[in-house]
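Quick note: the coordinates plus some simple rules give every number you see, no bench work behind them. If you're wondering where the values come from, they're calculated on a predicted model, not measured in any experiment. No Cβ is skipped: glycine too gets one built from the backbone with ideal geometry, and neighbour counts run over all protein chains shown.
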Amino acid sequence: MTLDVQKKIETARLSLPDGRLVERVVEVRTHPLTGETGRVLTAPFRTLKIPDLREQYAHTQAGCPFCPGAVDEKTPRFSPGEFDEPRYSIGQARVFPNLLAYSGVCALTVLTADHFVGIEELTETALVDGFRAGRAFLDLCRDKRKDLPYRLLHWNYMPPAGSSMVHPHQQLMATASLPNRLRRLADGSRRYTDATWKNAWDATALSAKTTGERWVGERGPWSWVMDPVPQGRYFELVGIHRTKSDVTELSDEDFSPLAASLVQACHCLASQGFWSFNAALLGLPDAKDHFRCQLRLVPRAFFPPAGCSDVHFDVIETESMTLRAPEEAAQEVRAFFG
């Protein structure tokens, strides 16, 4: 078993109104660990433009339950007897239950007191406090809810990523059932390790750094690469921890370089007109032989001129369709990582 990406080429031919003949090459790629396929398109990429978001979303501050003065009155509390405190906090980060529960334990981390924080305004301090607060709560889940062994952090930042709340916040969950993508990554990692006696993610990071094709950079214990078959329309940036496999294993020393890298990634996104992303901090307990804790980030956008969603083919077919080759995206993001 190898980490080589299988590619099949399909070519579309069309005639433009001025009579020019154009070919569009499509790569249908197969992910080496999950077996999932994705389509890499070669249509020209046009840099987007960030609108005046502060003015556009000013109306969302009225009645926001995450703002100071409201967060203690309008948000739920953890049930007495299940956790020691009704809410948890570190710095400005506040953790409390998610009204929209989709797992046995489902919580939110409000990151800042500020209601609107643009993508270039996210700070290392806010991110570190958010990660620390989330990790501390998930530590409690590990100790108090042993029936829910998988602990994950997700972040839907801004409306294009599916967030109904502009105020920056993350989602925490403890569950007995792995989400589909993580389950496929875990299963593929185990198969790779069984076949090679190597950790799949150590090998992924080493291969990317050696070839340089999808390598972005490293900071502290995190190696940053592009996923060869990204879930997003533009790219999927992956930070792989060097030794740890579970979110609750991460320490404060891990979060500082992680936050610094995310701030760099956000500046890169803004330079291309992106102001939204989905992110997830994923891990598996007791899986150091075949898995590594990883941060995954996918840019999100509304397509002009109608401002439509950038997700469509994916919903029914569950197959990604990407406008940028991961190798091309890696070169651009790598420049921001220095």
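Here, P(r) means the percent of Cα pairs in each 5 Å bin from 0 to the largest distance; for the stretch 1-146 it is 2, 7, 11, 12, 10, 9, 9, 11, 11, 8, 5, 3, 1, 1, 0.
When the Gaussian network model of the chain links Cα atoms closer than 10 Å, the mean-square fluctuations of 81, 212, 162 top out at 81. How about the stretch 92-191: which chymotrypsin sites (Phe, Trp or Tyr not before Pro) there are in a DSSP loop, with at most 10 other Cβ atoms within 10 Å of their Cβ? The qualifying sites are 102. By the Kirkwood approach, averaging reciprocal distances over each pair of separate Cα atoms, the stretch 159-218 gets a hydrodynamic radius of 14.8 Å.
Applying a DSSP loop filter and a limit of 15 other Cβ atoms within 10 Å to the trypsin sites (Lys or Arg not before Pro) in the stretch 204-276 leaves 242. Within a straight-line Cα-Cα reach of under 19 Å, residue 198 can be paired with the following lysines, leaving aside sequence neighbours fewer than 8 residues apart in one chain: 209, 244, 288. Ordering 11, 193 by the number of other Cβ atoms within 10 Å of each residue's own Cβ, fewest first, gives 11, 193.
Given the alternatives (1) 26, 23, 21; (2) 33, 26, 17; (3) 46, 19, 16, semi-axes √(5λ) of the Cα gyration tensor in Å as computed for this entry is given by (2).
Grab the DSSP H runs of the chain that are 4 residues or longer, score each as -39,500 (n - 2.57), total them, divide by all residues and round the 222 nm result to the nearest 500 deg cm²/dmol. Value at 222 nm, helices only, nearest 500: -8500 deg cm²/dmol. Dipole magnitude for the chain: about 540 debye, using +1 per Lys or Arg Cβ and -1 per Asp or Glu Cβ, origin at the Cα centre.
Tell me, 167, 154, 241 in order of fewest to most beta-carbon neighbours within 10 Å? Ranked by crowding around the Cβ, least crowded first: 154, 167, 241.
Built from the Cα atoms of the stretch 215-338, the convex hull projects on average onto 8.2 nm², one quarter of its surface area.
Taking other Cβ atoms within 10 Å as a rough exposure proxy, 240, 90, 9 sort from fewest to most as 9, 90, 240. Highest GNM mean-square fluctuation among 255, 291, 83, for the chain modelled with Cα contacts below 10 Å: 83. For residue 320, the residues whose modelled amide H falls within less than 5 Å of its own, excluding neighbours fewer than 5 places apart on the same chain, are 39. A straight line joining the Cα centroids of the stretch 25-81 and the stretch 215-266 runs 18 Å.
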